[in-house]
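K.L.:
One structure, as structure tokens, below. Some questions next.
Any read-out appearing in this document is the output of simple, stated calculations on the displayed coordinates, not a laboratory observation. Everything quoted here is computed from the prediction, not taken from an experiment. Glycine also receives a Cβ, built like all others from the backbone with ideal geometry; neighbour counts cover every protein chain displayed.
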Amino acid sequence: MHLCLPYLLCLHAGKEWKSGIYVDGSKLNHRMPEDETTGESGEEREEEEVLFGYEEELKEAQSAVNEYLWGKHKNIAIVSDPFAGRSTLVEYLARDYLTTTIAFNSVMTEKAFISTLHDANNIIIMDNCHFLAMRKIGGFAQLDEFLRFLSKSDKLFITTWNTYSWSYLSAVKNLDEFFPKVIRLHPMNAESLKKMIISHYGDNIKYIDDAASKDRRLSISWKCVHITIPFSSTTRCLPWPYLNLSSIFHKKKRENAEQLVFDRLKRVSGGNPGIARKIWDASIDYPKIGLSSIKEPTFDTDLSINEAFLLGIILTMEKIELGDLAEIAGPEIDVEESLYILMNRELVAREEGYYIINYRALKSVKSYLELNRMVW
Amino acid sequence: MPDGVLTNTTEQLTTLPITEIGVETILYIVSIIVIAYLLVRVISFVLRFVSEKIPGYRHPITMLIPLLKILIYFSALYHIIFSIFQPDIAQLVAFFAVFGAALGLGLKDLFSDIMGGIVIIFEKPFQIGDKITFGSYYGEVKDIGIRATTLVTPGDSLVTVPNYLVFSKAVSSGNAGNVAMMVIIDLFVDPESDAGAAMNILKEAVVTSKYVYISEKFPYTILLDDFPYYKRIRAKAYVNDLRNEFEFMSEVTRRAWIEYRKLGIRPTSYRFPEADRDNFNSSFTKQARQDRD
């Protein structure tokens with residue numbers, strides 16, 4: 001399986017890929033990437049090229065690669081939350097330059113991938129590098145080996161990382177010293193999400209404002225009172241807060257349904273394009289989408305330290321097998337029992353043998369773990 | 001106090017318009033006391049509840065409790081005084097002068113405690129939720145009252161320390177208002193052991209712990225000290241919540257020793273003197289160690 005979610009940000013995924021090596025655990029698969037939704041190979045896709053929301057980040061990455069070609073060497077780290085589409089971003093880079101791509105798909109337990117790096121092109125794309133480290137004693141061997149290779153190499157490494165893995169490994173292994181160019185994929189605003197969604201579904205969607213008064217919120221704005229200063233002809237603006245009650249009493253004055261839908265989509269997804277897309281797919285009754293169909297779920301996140309720790313590991317690794325989780329947890333934690341609780345609360349889901357964060361719960365999980373300093 | 005001033009003050013007080021103290025006044029005073037007490041309890045409960053839900057802001061929220069306590073109790077006192085005396089400003093000043101003198105003479109200790117409480121609230125040498133050494137006690141600050149501060153020791157004993165001690169005893173706070181706190185973990189290994197490997201394992205045990213918190217502001221360090229009969233491998237790292245201090249030490253120590261045994265790193269065979277026995281193969285908080293050293 002290829003981790004990239006190509007449909008999130010682009011409608012085209014690189015017919016000009018020069019080479020692709022996809023790594024699943026210790027196995028190396030030399031093949032072209034596959035679109036996980038369609039099964040098409042990268043060579044077969046010839047749809048229109050579109051990238052939404054992260055145009056600036058792509059330009060930044062391209063500029064760093066061009067600088068390398070002119071002799072200024074700065075390894076690149078592309079950092080984002082799960083589902084945010086970093087793999088798609090590097091696919092774009094791979095089309096424009098002669099590269100070798102290595103995409104990790106699960107925790108790496110062997111150093112075999114290092115030998116591949118020797119024969120690789122000068123620009124190496126390494127996707128999902130957080131799979132190189134495990135949070136356990138002796139769990140950094142692959143990462144150490146990679147960093148040793150990288151520090152002696154003249155090649156340019158374009159790597160992608162989970163946000164929390166990146167922060168953790170930067171604190172523990174000074175990762176940021178090895179990758180001076182850090183490109184973070186920030187949450188998208190409602191406008192970018194709208195462009196991305198419309199590009200996929202077309203603009204003939206019918207938006208319905210059927211939500212309860214929950215979205216008719218009170219708003220406070222600043223009004224200006226003009227005051228003439230005594231003994232002077234100058235007039236100054238004195239700002240004062242104005243409580244807007246019209247949104248409650250006058251339904252006609254509400255924003256249009258389309259704007260409300262995308263505002264809510266942005267709020268529920270946290271601006272994460274992959275999650276927004278999944279929520280959209282689950283909410284739309286084509287060609288209609290109602291405001292009330294985009295639900296904002298709540299989750300019970302009152303967890304024990306062991307459950308919170310496992311949840312944090314799943315968040316930072318993005319997908320992990322039971323065996324790897326058990327190794328990290330050690331004998332102190334009953335992994336299966338904790339996973340049962342996490343799944344029961346719909347914080348974690350099981351997909352193809354891997355444990356992943358339930359995309360709807362990602363926002364709540366992040367917020368809970370950050371507040372409790374289980375991730376940072 | 002000069003005679004003239006004393007005479008004036010006495011005159012002011014003797015002319016205080018004392019209202020007739022009837023059942024109504026007594027009920028009024030009792031209800032003020034009850035309301036103030038209930039208000040303090042409710043506010044404390046609500047703020048504690050909220051602070052537990054937002055661990056990152058636990059300290060700032062709980063520090064409102066003693067401040068509100070003082071405000072409520074002083075305003076209750078104010079209302080009680082006015083319900084009895086109904087003084088004007090001059091008389092009120094005179095009253096507090098005499099009241100202060102009485103406190104200074106007869107209730108000196110209580111007054112010192114109250115002043116200590118005020119100093120603690122405003123100067124913040126520690127806050128509710130901090131792990132501190134106050135006098136000879138070490139524990140988590142549960143409450144800062146008007147008269148005394150309550151600590152919960154690692155043995156779960158509740159210790160009430162008079163607030164006046166803040167004037168005379170050094171207070172050390174391990175976290176100074178932060179939820180994260182530095183913890184020191186010592187492992188004592190045989191002097192023939194591979195110190196480099198031992199340090200590396202302890203480092204990995206620390207950084208992979210479920211209790212650790214690492215950032216630029218909260219770094220970790222691994223240190224080696226070479227003694228004649230043993231090597232001490234010391235880790236300094238921050239626990240994500242000071243309430244997990246001992247669990248953090250225990251978890252890191254256990255995991256490190258499992259790996260040490262795999263590599264043949266043995267504990268020292270040196271027998272520590274009785275007084276230092278609890279030092280051996282165990283860990284101490286920064287504060288406790290500073291106290292001991």
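K.L.:
With chain B treated as a Gaussian network of Cα nodes joined by springs under 10 Å, which of B:Val161, B:Val206, B:Val23 yields the largest mean-square fluctuation?
P.N.:
With Cα springs under 10 Å in chain B, the top fluctuation among B:Val161, B:Val206, B:Val23 is at B:Val23.
K.L.:
I've got another one for you. Could you pull out every whole DSSP H run in chain B that spans at least 24 Å of Cα extent along its own axis and averages 0.0 or higher on the Kyte-Doolittle scale?
P.N.:
Qualifying helices: B:23-53, B:64-84, B:89-106.
K.L.:
Then there is this: Quick check: from the Cα gyration tensor, does chain B come out rounded (a/c under 1.5), prolate or oblate?
P.N.:
Verdict is prolate for chain B.
K.L.:
Take A:Glu352, A:Glu327 and order them by how many other Cβ atoms sit within 10 Å, fewest up front.
P.N.:
Ascending Cβ contact count within 10 Å gives the list A:Glu352, A:Glu327.
K.L.:
Only Cα pairs within less than 10 Å get springs; with that Gaussian network setup on chain B, which residue of B:Ile61, B:Ile185, B:Ile258 has the largest fluctuation?
P.N.:
Of the options given, B:Ile258 has the highest mean-square fluctuation.
K.L.:
Just B:Gly177, B:Gly100, B:Gly139 to compare: in a GNM of chain B, with alpha carbon springs under 10 Å, which one fluctuates most?
P.N.:
Among B:Gly177, B:Gly100, B:Gly139, the largest mean-square fluctuation in the Gaussian network model of chain B belongs to B:Gly100.
K.L.:
Per DSSP H run of at least 4 residues, take -39500 (n - 2.57); add these up for chain B, divide by its residues and hand me the 222 nm value, nearest 500 deg cm²/dmol.
P.N.:
It comes out at -16000 deg cm²/dmol, rounded to the nearest 500.
K.L.:
Could you put B:Phe45, A:Phe149, A:Phe262 in order, starting from the residue whose Cβ has the fewest other Cβ atoms within 10 Å?
P.N.:
B:Phe45, A:Phe149, A:Phe262
K.L.:
What does the charge count around B:Tyr57 come to, taking other residues whose C-beta lies under 14 Å from its C-beta (Lys +1, Arg +1, Asp -1, Glu -1)?
P.N.:
Numbers: positive: A:Arg373, B:Arg48, B:Lys53, B:Arg58; negative: A:Glu370, B:Glu52, B:Asp241.
Value of the local net charge: +1.
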